[in-house]
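Data block below; observations after.
The values are calculated or read from the model by the stated rules, or taken from the named source; none is laboratory data. The structure presented is a predicted model; accordingly, all values stated were derived computationally and were not measured. Here the Cβ is made from the backbone with ideal geometry for all residues, glycine too, and neighbour counts use every protein chain on show.
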Amino acid sequence: MSNKILIVGASGHAKVVVDILERAGQYQIAGLIDSFKEPGTSLMGYTVLGSEGEIPALLAGHDLLGGIIAIGDNWTRHNVVQRIASIAPDFLYVNAIHPSAHLARDVQIGKGVVIMAGVSINPGTQIGDFCFVNTNASVDHDNVLEEFSCLQPNTATGGNVRIGAFSAVSIGANVIQGISIGRHSIIGAGSTVLVDVPEFVVALGTPCRVARTRKPGEDRP
């Protein structure tokens, strides 16, 4: 079976994914897909082959295994996955896990997941499909990250924390044990979360408090 894959995305986040894949050495990067970059554009030595619409032809003609979405925004990543599903339903999603990441026993990882350098994930944790766990994040035991959620760099969670689908815990935030964060919510940078956070809100500060509501896909604060 081929180990050649596509990276969907050709901006800053894709640079990190390229680095992870190169260091891990499991897959060969065949090229990049980006709807906003001209074909032939180069990123870290890899060429943009076209937009998402080119994926079926590339799969048919280039002996590709599949690929990974390298887009940092949760909602945008979801929309890209939906578009690919409509034109290439058999597209296989791989994971990108940095060799320096520590994954304990009994950690479950979904598909299309990116785990960056210095991450630590303790036993019993479940990482859902298309989640990103960013540089130096610390995830304690028995956490659940639902699909399309993310932890940004230098975040830390206690045990038995649940992060709802599409939610993001921003840079340097801390979430104590037993906390639940609802779907589509954003925890502000540097916040300390001491109580449950509902869905569809932006919550900020130490202690973290709800600042306002938000809609799916709304830009971060």
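Quick look at the values:
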item	result
Failed item, numbered, when Val113 is tested on (1) within 22 Å of Phe166 (Cβ to Cβ); (2) of a type in the set (A, V, I, L, M); (3) not assigned by TED's automatic domain parsing to the domain that holds Val144	(3)
Filter result for the condition that a residue is in contact with a Lys or Arg (Cβ under 7 Å, 6 or more places away or on another chain) and either at negative phi or surrounded by fewer than 19 Cβ atoms within 10 Å (Cβ to Cβ) (or both), over Gln28, Gln108	Gln28
Test: residue in segment 28-48 that is of a type outside the set (Gly, Ala, Ser) and touching a residue at least 40 places away in the same chain (Cβ under 8 Å)	no
Within segment 199-221, tally of residues that are among the hydroxyl-bearing types (Ser, Thr, Tyr) and surrounded by 14 or more Cβ atoms within 10 Å (Cβ to Cβ)	0
Top-ranked residue in segment 3-15 [being within 17 Å of the chain's Cα centre (by Cα) and not in a strand (DSSP E or B); ranked as surrounded by the fewest Cβ atoms within 10 Å (Cβ to Cβ)]	Gly12
Residue count for segment 168-192, restricted to those that are over 21 Å from Ala117 (Cα atoms) and in a loop (DSSP other than H, G, I, E, B)	10
Tally, over segment 53-98, of residues that are basic (Lys, Arg) and without any contact (Cβ under 8 Å) to a residue 60 or more places away in the chain	1
Hits in segment 125-155 (condition: in contact with a Ser or Thr (Cβ under 8 Å, 6 or more places away or on another chain) and β-branched (Val, Ile, Thr))	Val139, Val144, Thr155
Matching residues, segment 135-182, being under 20 Å from Tyr93 (Cβ atoms), surrounded by fewer than 24 Cβ atoms within 10 Å (Cβ to Cβ) and in contact (Cβ under 8 Å) with a residue 24 or more places away in the chain	Glu146, Glu147, Cys150, Ala165
Filter pass, Asp196 being out of contact with any Cys (no Cβ under 8 Å at 6 or more places or on another chain), surrounded by fewer than 17 Cβ atoms within 10 Å (Cβ to Cβ) and modelled with pLDDT of 95 or more	yes
